[in-house]
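The next block holds one structure in the form of structure tokens; read it before the comments.
The values are calculated or read from the model by the stated rules, or taken from the named source; none is laboratory data. For clarity, every value in this text was computed on a predicted model and none was experimentally measured. Don't worry about glycine lacking a Cβ; one is built from the backbone with ideal geometry, like all the others, and counts go over all protein chains shown.
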Amino acid sequence: MRIALGIEYDGSRFCGWQTQPQGCGVQDALERALSEIAGETVAATCAGRTDAGVHGLGQVAHFDTVAERPLAAWVRGTNALMPAAVAVTWSRAVSEDFHARYAARSRTYRYVLLNRGVRPAADHGRAGWCHGPLDVERMQAAARLLLGEHDFSAFRAAECQARTPVRTLARLDIVRRGDYVILEACANAFLHHMVRNIVGTLVYVGKGAQPPEWAGAVLASRDRARAAPTFEAAGLYLSAVEYDAHWGLPSAPHMGLAELLKGYA
């Protein structure tokens with residue numbers, strides 16, 4: 001039997017998604033709990049491996065097991081055996097041709113950026129920070145130059161293992177809510193550090209260090225050295241993974257930007 005799971009986690013408490021020898025990954029915590037519920041060793045595969053400090057709101061994973069358990073056991077039972085910083089939010093039985101990574105149509109990441117002169121305290125580990133004022137309109141103009149199918153080598157980490165740097169960025173929204181600037185990116189897939197590198201570049205534009213057109217020139221150069229430094233992980237959330245409806249998985253749990261901002265000027 002193949003089971004799909006929805007997972008959320010506080011990335012500041014883990015060394016990333018992927019299993020590590022010291023057992024500090026989200027995957028380690030999940031597999032330990034699932035194995036205990038199943039009574040056998042369980043290996044989980046996720047839709048998108050997140051780095052240390054990156055959070056998950058809508059992560060999806062699957063695993064195979066011969067154990068017959070009520071679907072609720074894969075949620076409540078697993079959660080009872082995991083640290084408080086990670087939780088399974090839903091479970092579904094799926095056919096064996098479902099794959100959390102390869103069946104995904106798109107991924108959506110959200111970056112929450114605190115834009116004020118004082119560093120975050122209550123939001124420490126949950127939001128990025130830029131102390132200088134940011135011009136969101138300039139950032140939006142730069143973001144539009146990155147939309148579409150491109151070679152995103154300029155925004156790719158040196159250790160990225162993807163077979164191709166070509167990705168299709170379908171959406172890159174930037175809005176301000178009080179002291180917060182929220183960036184939301186949706187693509188068929190992302191390269192290692194791609195979102196954080198884009199955020200860093202857009203912040204350079206927003207604070208006036210570069211014109212909006214510079215973002216397009218960086219993209220066209222395919223040269224990572226031309227882009228801004230990688231922005232911190234703290235504000236990054238894997239907010240949703242989208243699949244075709246025939247898989248019967250729950251819709252994305254995150255609140256969209258329109259709903260998030262409803263009622264705010």
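Would you call R196 among the basic types (K, R) and either surrounded by 24 or more Cβ atoms within 10 Å (Cβ to Cβ) or within 18 Å of the chain's Cα centre (by Cα) (or both)? Criteria met by R196. Among the criteria (1) modelled with pLDDT of 95 or more; (2) part of a loop (DSSP other than H, G, I, E, B), the one P253 does not fulfil is (1).
Does A143 count as small (G, A, S), in contact (Cβ under 8 Å) with a residue 24 or more places away in the chain and not in a loop (DSSP other than H, G, I, E, B)? Yes.
Pairing residues of segment 24-49 that are within 16 Å of W74 (Cβ to Cβ) with residues that are surrounded by fewer than 20 Cβ atoms within 10 Å (Cβ to Cβ) and of a type in the set (G, A, S), at Cβ distances under 7 Å and at least 6 apart in sequence or on separate chains, gives E31/A43; I37/A73; I37/G77; A38/A67; G39/A67; E40/A67; T41/S35; V42/S35.
Of the candidates A233, A258, the single residue that is hydrophobic (A, V, I, L, M, F, W, C) and either modelled with pLDDT of 95 or more or under 21 Å from A157 (Cβ atoms) (or both) is A233. When segment 199-248 is filtered for residues that are polar (S, T, N, Q) and touching a Phe, Trp or Tyr at 6+ places or on another chain (Cβ under 8 Å), the ones remaining, listed by number, are T201, Q210, S239. Annotation for segment 171-189: no member residue is touching a helix residue (DSSP H, G or I) at 6+ places or on another chain (Cβ under 8 Å), under 24 Å from A103 (Cβ atoms), at pLDDT 95 or above and in a loop (DSSP other than H, G, I, E, B). Selection within segment 158-170: residues that are of a type outside the set (D, E) and at pLDDT below 95. The member of this set that is nearest to R222 (Cα to Cα) is A158. Contact annotation: residue pairs with Cβ atoms under 7 Å, 6 or more positions apart or on different chains, pairing a residue in segment 202-223 that is of a type in the set (D, E) with a partner that is surrounded by 13 or more Cβ atoms within 10 Å (Cβ to Cβ) and outside any loop (DSSP other than H, G, I, E, B), are D223/A154. In segment 90-146, the residue that is farthest from Q59 (Cα to Cα) out of those that are loosely packed, with under 14 Cβ neighbours inside 10 Å and of a type in the set (S, T, Y) is S95. From the list R119, R167, R138, exactly one residue is assigned to a strand (DSSP E or B) and either touching a residue at least 12 places away in the same chain (Cβ under 8 Å) or closer than 15 Å to A215 by Cα (or both). Which is it? Exactly one of R119, R167, R138 is assigned to a strand (DSSP E or B) and either touching a residue at least 12 places away in the same chain (Cβ under 8 Å) or closer than 15 Å to A215 by Cα (or both), namely R167.
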